[in-house]
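Worksheet for the structure shown next.
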Amino acid sequence: MRGRPKLEDSRDKQYRVRLNGEEDKMLSYASEVTGKQKSDIFRQALVDYYNKVKINEYVPEDEDYEWEMDHLSLKRIIECPYCGAGNPMDFADECDSWSEERQMGSEITYNFDWEECECNSCGKNFRVHGYICEYPVGAYNYEDIKVEPNE
Ligand SMILES: [Zn+2]
């Protein structure tokens, strides 16, 4: 056997993806912390998203079904506006949600307003409010989370 075996499905499709500054920072951070290539992070995120979409297509909206759909995690690390320390928060603990029917089931928006959060590092008080949206069920759609100092 000589040379490389021919790949059955070689990576010859190319996409150009535009990122804004914040998205680029997220990609660099995820790459540095995990030691993974940026392109692998895109591919792996795609597989994760694909599987969630597929589950939504195949799992019936039937309460007797043996599976319960997993919802999107509302856990986030929120940076303190005073000292920058990361504060773990799970907005599922206190939020309002509403849903709209779309092509593939529900789009759910979780809205929260935590007025008095205490930083676990400097002890100062701040407010965290905004929303996280999932569509299809279990998959990230978009979010907007604002952090404001109270003092
Ligand atoms: Zn702090």
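All of the numbers you see were taken from the coordinates with simple rules; none came from a lab. Quantities reported herein were computed from a predicted structural model and do not represent experimental measurements. Cβ coordinates were reconstructed from backbone atoms using ideal geometry, including for glycine residues, and neighbour counts include every protein chain displayed.
Assorted remarks:
- Note on Ser39 and Arg127: with the Förster distance fixed at 41 Å, the Cβ-Cβ geometry gives a FRET efficiency of about 0.60.
- For the chain, the cysteines with no partner cysteine C-beta closer than 4.7 Å are Cys95, Cys117, Cys133.
- Simple label model, 7 Å out from Cα along Cβ direction - Tyr49 to Ile77, nm: 2.3
- Placing a pseudo-label 7 Å from each Cα along the Cα-to-Cβ vector at Met104 and Arg16 gives an inter-label distance of 2.7 nm.
- Among the listed pairs Lys38/Lys146; Lys54/Lys146; Lys52/Lys124; Lys52/Lys146; Lys13/Lys75; Lys13/Lys146, those beyond 29 Å (Cα-Cα): Lys54/Lys146; Lys52/Lys124; Lys13/Lys75; Lys13/Lys146
- The chain: relative contact order in percent, alpha carbon pairs under 8 Å with at least 6 residues between: 17
- Descending by average beta-carbon neighbour count within 10 Å, the peptides 101-109, 134-142, 64-72 line up as 134-142, 101-109, 64-72, the highest first.
- For region 104-121, 3J(HN,Hα) computed residue by residue from phi via the Karplus equation (6.51, -1.76, 1.60; θ = phi - 60°) reads 10, x, 8, 9, 10, 10, 10, 10, 9, 8, 9, 6, 10, 10, 10, 5, 6, 10 Hz, glycine and proline entered as x.
- Computed magnitude of the charge dipole of the chain (debye, nearest 20; Cβ of K, R +1, Cβ of D, E -1): 1660
- Note that region 81-92 has calculated 3J(HN,Hα) couplings of x, 9, 10, x, 5, x, 10, x, 9, 10, 5, 5 Hz, one per residue in order, obtained from phi through the Karplus relation 6.51 cos²θ - 1.76 cosθ + 1.60 (θ = phi - 60°); glycine and proline are x.
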